[in-house]
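Encoded as structure tokens, the structure appears first; notes follow it.
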Amino acid sequence: MSRLTELTIAEARTGLGAKQFSARELAEAYIAAMERARPLNAYITETPEIALDMAAASDARIAKGETRPLDGIPIAVKDLFCTKGVLTTAASHILDGFHPPYESAVTEKLWQAGAVMLGKTNLDEFAMGSSTTTSYHKPTENPWRKPGDNRPLVPGGSSGGSAAAVASHAALGATGTDTGGSIRQPASFCGIVGLKPTYGRCSRWGVVAYASSLDHPGPIARNVRDAAILLGAMAGHDPRDSTSAALPVPDFEKALTGNVRGLRIGLPKEYRADGMPAEIEALWQQGAQWLREAGAEPVEVSLPMTKYALAAYYIIAPAEASSNLARYDGVKYGLRVAGDSLDEMYELTRAEGFGAEVKRRVLIGTYVLSAGYYDAYYLKAQKVRALIARDFAAAFENVDCLLTPTAPSAAFAIGEKQNDPIAMYLNDVFTVPANLVGLPALSVPAGLSADGLPLGLQIVGRAFNEEMVLRVGDVLERAAQFTHRPSFIAGER
Amino acid sequence: MALDKAAVAHIAALARIRLKEAELEPLAAELSQILTWVEQLAEVDTADVAPMTSVAAMRLPMREDEVTDGDRRDDILRNAPQSARGFFAVPKVVE
């Protein structure tokens, strides 16, 4: 009983099925862990009553032999997914008090599969950031600290609350969203697994929109198998999202065969960019070596447009954001600041309701879409994006997947890089290309930095081939044997 | 592209974000830095490249044009900062 929060999703599923413990007991263990994790500020809203109700429903189904795939599994939901009747903030002041009248497609699927909602997790405001420090609800702390150094570190972002909750055992799994690396980079910073599926695999319906052509919902978990299980429940066609793919959802767990013999693994030479830290380069080579020892064949590939991906991203994402965030006008929901005229009310509401980074991106986006500049910025970026897609298509003619580092560094201190937007944007240098082209990408913890902090490796696959990405990730995970633990664990030991 | 204070004020007006006078100068510097950085894309030859308009190689699905949801006025108004007689309420627009 005391070690329930140590179980993986697969193990908890087995234990629940064998009636070794109840969904209620598992939920209670996680509710207690969630309370102990409060110093991390991983959750914006805790929903213990909902968790206990859902657990009771799971116990009833299990007793009747009608168990669903995720029955009794307590998970955290990034506070960017609308949850019916439960406060949804996007970590922004401007959504104060917003209780959605509907449930997002992905969370609806999770609850239908029997999962149990623990609460809503913190993020960078509107998912704009790589550190979970731009949240209106205060930063989230990484459960990891450098040995001998007590400074709090960022959990990465934007899904930093979900990553910190899962890494500290204050949730068994979580949902995230990834627009430029927001699932994979926090997974790397927190020593856990994060999967950005193919664009269209998980419905965006009911996810607060940031940049619609780049937003990807996906799972965050403690290992690759758990990520596969969660993805199976989150994925699937949804007619309410016009870009949702009408494809069957495979049994992703079955992809974990442990066999990568004969697979060709591409190492993009352009990722060996100037100034890649030696320890990141070494871990990358180690990852290639592990796959070689498992029978795969690492080969060098070229993605010549790589160096332009970040610049294209920082035109396209703010452009789409400026359009999506036009809806926050003080009329329909959230914050309103009174003004003498309608326009003044809009301006004052948006001035007070948006934080500095959101304003920066809305202004950049407004500018690059404005008359006279659209061609030079937005259209140019969409052309470069087409060239980036060509690069990937050419590379995938010769390889089955790509292996790269997830992020150019380990977690940094809260407050660092805060005054230099471009230094912050560079966190996403290895993750952004997969968003621009919509390909599935997984981050797996692979080692520790010299400072004793986790570092991830990323596997990128062909469109709708999450199975390949998970299969290779599983082999990498077994080889890396990453058993290190953060300095703070909220779950019982 | 270097933006000056007047350009930032114009963009902010388009974006309906009220900025204080003291915010204009630092934002002009930050936004100029970001724009200068993204302008490296000018190096790329895109003469014969069509802009990417869709991430997935798919046609947008078609469906019957019929009502599938509705009658939820009160649900929707519940989140409004101000409503009156079943409508969203805003400051007076027409005299």
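Brief remarks follow.
- Matching option when the condition is in contact (Cβ under 8 Å) with a residue 12 or more places away in the chain, more than 9 Å from chain B (Cβ to nearest Cβ) and under 21 Å from B:ALA28 (Cα atoms), among A:GLY355, A:GLY287: A:GLY355
- Unmet requirement for B:ASP75, which otherwise passes all of (1) charged (D, E, K, R); (2) within 8 Å of chain A (Cβ to nearest Cβ); (3) more than 28 Å from A:SER370 (Cα to Cα); (4) in a loop (DSSP other than H, G, I, E, B): (4)
- From B:GLU30, B:GLU39, B:GLU43, residue being at the interface with chain A (Cβ under 9 Å from one of its Cβ atoms), closer than 30 Å to A:LEU387 by Cβ and either exposed (fewer than 14 other Cβ atoms within 10 Å of the Cβ) or hydroxyl-bearing (Ser, Thr, Tyr) (or both): B:GLU43
- Scanning region B:23-37 turns up at least one residue that is farther than 30 Å from A:LYS84 by Cβ, of a type in the set (S, T, N, Q) and without any contact (Cβ under 8 Å) to a residue 12 or more places away in the chain.
- Qualifying residue in region A:290-313 (condition: of a type in the set (Val, Ile, Thr), assigned to a helix (DSSP H, G or I) and at the interface with another protein chain (Cβ under 8 Å from one of its Cβ atoms)): no
- Condition met for A:VAL106 (closer than 25 Å to A:ASP238 by Cβ, in contact with a strand residue (DSSP E or B) (Cβ under 6 Å, 6 or more places away or on another chain), more than 14 Å from chain B (Cβ to nearest Cβ) and in a helix (DSSP H, G or I)): yes
- Candidates A:GLY236, A:GLY262, A:GLY194, A:GLY200 - the one that is at pLDDT 95 or above and closer than 18 Å to A:VAL444 by Cβ: A:GLY194
- Selection of first residues in region A:318-332 that are farther than 17 Å from B:PHE88 by Cα and of second residues that are basic (Lys, Arg) and part of a helix (DSSP H, G or I), restricted to Cβ pairs under 7 Å at least 6 apart or on distinct chains, gives the following pairs, ordered by first then second residue: A:PRO318/A:ARG361; A:ALA321/A:ARG361.
- Residue that is surrounded by the fewest Cβ atoms within 10 Å (Cβ to Cβ) [pool: residues in region A:341-380 that are under 18 Å from A:ASP124 (Cβ atoms) and among the β-branched types (Val, Ile, Thr)]: A:ILE364
- Criterion applied to B:ALA56, B:ALA9 was being in a loop (DSSP other than H, G, I, E, B) and surrounded by 10 or more Cβ atoms within 10 Å (Cβ to Cβ), and the one residue passing it is B:ALA56.
The values are calculated or read from the model by the stated rules, or taken from the named source; none is laboratory data. Keep in mind it's a predicted model, so treat the numbers as computed, not measured. Cβ atoms come from the backbone with ideal geometry, glycine included; neighbour counts cover every protein chain shown.
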